[in-house]
Every structure is written in C-alpha cells, then in structure tokens.
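Worksheet: one structure, shown below.
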Amino acid sequence: DNHRKLMTKISTFICMLSFVAIQAQTSIFDSLLQKNVDKTGRVDYQSLKNNETLLDNYLAYIQNNEPTKDWSSNKKKAFWINTYNAYTIKIILNNYPLKSIRDIKIDGKTAWKIPFVKIGQKRYTLDQIEHKILRKKFNDPRIHVGINCASVSCPRLWNFAFTEDNIASSLDNLMKEFINNTTRNKISKNNVALSEIFNWFSKDFIKNGTIINYLNTYAAIKISEKASIKYLTYDWSLNKK
C-alpha cells in the first residue's frame, strides 16, 4: 500500500514537472511574441532574428514534447497552432530579409511544402499541420484565425502564445476581431466583401449553416441571408513592422 502511495506521489510529481516545463517553454514563446509583435499583428523580424536562440530553444522543446493521448483537445490544439506559428516565424528568419513568404523556395518547394518541422521522430510540412492535423482532427474553423501565414491579409498574429486555458476564448476573440476588421472584411447588411480565407476554406465554415450564418455569429452588423458575397484580393506582403 505504501509502495502504491509512493508511486502515485512520484507520478503526480512527474506530471507537475511536465506541466511546469510546458509553462516555462510556452512563456519563452509568449515573451518573444509580446516583445516583437504589435497589437495589429505586425512583426519585428529583425529583433526576432537578433533573439533567434530563444526561438530555437522553444522549437527544441516542441520537438521533444509531442502531444500524448492524455492531453486535452484544447491542449493539443494550442500546441499545434503554436508549432505552426513558431515554425512559420523560423522559416521567415531563415530567409530574412524578404518581401513575401511566397518568395521562399527550397528544391522547388514553397514554404508550406518543405518538411522542416520536427516533432519527435517525424518531420512535417506546415501544410500537413494545417490540413492533416488542425483542420482534420479538431473540426474548428477558428483555427484559421489562430495560425498565421506571415502576410498582411492574414488574420493578425496574436502577440501571446496559446495555452490549454486561453485557447477557446482567444480564438473566439480573434475570429470576432477578424470578421469585423474592415481591412480584412467589408461587411454591410446587403453586401459582404470577404477575406479569401472564407472562400479557400469555405467547407470549414458551412458545416452548421451558410457562410452568412457563420459571419452573423461574430459580426457587429446583422447580415441579410440574401446578401451578395464577393472576395477581396489577398495581400501576400510580409507582415513586418
């Protein structure tokens, strides 16, 4: 009985250590974002380049701490979105200065098709994280405002790291902000001009109704079901300060 109690204490302690390690490492990424990303999502890539060792420490942590079965859905979601964003920043820094993420090509592959993300023993592309993990496993269209493609027309890069505790409310706030941001979407009762994100990933947004239904969950203006919809040109310029 004493042996079992001791083993329980040890496993609880190990869980606590793991929790503390996650908090510490996430706080590294969190502080990098707070110092180098402004409230509009513009990024000081030069400053990040000067502090690249800190980012590399966080990427090393990610590599050695892949999600396990006992993680909650929110914890996994936060991990994969942070991973996507941290590695997107890394590939920009690897190629900085540049005008657009679309200028990156390695062996004929774009930034999204290069298998440079290391988690455990596996390598992933950004596309695999977005489409095979985040979109496929979580069934949550709000991931599109969580992940950031380092471009002006993207939903803004949030200047905090996502955590198990903050992710649900953060993604809600980011979606509300994105839909009502007049530089990303132009909304009125009878006409909407939307970000291409709602076009490219339309099936993610219409699982429970129309695109207008989805917009009306967050929009400050009540949009008519019969409103005309068009899509805005996407600006792929780098989201730099």
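The values are calculated or read from the model by the stated rules, or taken from the named source; none is laboratory data. Just so we're clear, the structure is a prediction, and the values are computed from it rather than from any experiment. All Cβ positions, even for glycine, are placed from backbone atoms using ideal geometry, and neighbour counts span all protein chains on display. What goes into the accessible areas is simple: the full protein's heavy atoms, side chains included, and nothing from ligands, DNA or RNA. Shrake-Rupley method; radii C 1.70, N 1.55, O 1.52, S 1.80 Å.
Among the listed pairs K49/K132; K75/K136; K99/K241; K76/K137; K113/K207, give every one whose C-alpha distance is greater than 22 Å.
The answer is K49/K132; K113/K207.
Around I119, which amide H atoms from residues at least 5 apart in sequence, or from another chain, sit under 5 Å from its own amide H, with H modelled in the peptide plane?
Result for I119 returns Y124.
With no solvent and one point on each alpha carbon, what is the Debye value of log10 I(q)/I(0) for segment 40-93 at q = 0.22 Å⁻¹?
With no solvent term, the Cα-only Debye profile gives -0.87.
Per residue, how big is the convex hull of the chain when only Cα atoms are used? Give it in Å³. Mind showing how you got there, number by number?
Working: hull volume 33.4 nm³, N = 241.
Here the figure is 138 Å³ per residue.
Given the -39500 (n - 2.57) contribution per DSSP H run of 4+ residues, what per-residue ellipticity at 222 nm results for the chain, rounded to the nearest 500 deg cm²/dmol?
-14000 deg cm²/dmol
Measuring from label point to label point, each 7 Å out along Cα→Cβ, what is the I28 to K203 span in nm?
3.8 nm
Could you calculate the FRET efficiency of E225 with D127 from 1/(1 + (r/R0)^6), where r is the beta carbon distance between them and R0 is 30 Å, rounded to 0.05? Working shown, then result.
Numbers: r = 34 Å, r/R0 = 1.13.
E(calc), rounded to 0.05, equals 0.35.
Can you list the lysines whose alpha carbon is less than 19 Å from that of K222, not counting same-chain residues fewer than 8 positions off?
Partners found: K176, K186, K189, K230.
In whole Hz, with x marking every Gly and Pro, tabulate ³J(HN,Hα) for segment 51-56 from phi via Karplus 6.51 cos²θ - 1.76 cosθ + 1.60, θ = phi - 60°.
Result, ordered by residue: 10, 5, 4, 5, 4, 4 Hz.
Measure off, as a whole percent, the carbon and sulfur share of the 1.4 Å-probe accessible area of the chain, all protein chains present.
Working: 6750 of 12960 Å².
Here carbon and sulfur together make up 52 percent of the probe-accessible area.
Test of the criteria: in segment 49-107, which trypsin sites (Lys or Arg not before Pro) are in a DSSP loop and have at most 12 other Cβ atoms within 10 angstrom of their Cβ? Please report the intermediate quantities before stating the final value.
On the way: sites: K49, K69, K75, K76, K77, K90, K99, R102, K105; in loops: K69, K99.
Listed in order of number, the matching sites are K69, K99.
Quick one: which residues, 5+ away or cross-chain, put their amide H under 5 Å from the amide H of Y231? H built at 1.01 Å from N.
Sorted by chain and number, the residues that satisfy this are L194.
Give me the extension gain from A193 to W71: residue separation times 0.36 nm, minus the current Cα-Cα distance, reported in nm with one decimal.
Gain in length upon complete extension: 40.0 nm.
Just the number, please: Stokes-Einstein D of segment 138-241 in µm²/s, Kirkwood Rh from C-alpha pairs, 37 °C, 0.692 mPa s.
Estimated via Stokes-Einstein, D reaches 231 µm²/s.
Please work out the average accessible area per residue across segment 123-238, using the 1.4 Å probe convention, and give it in Å².
48 Å²
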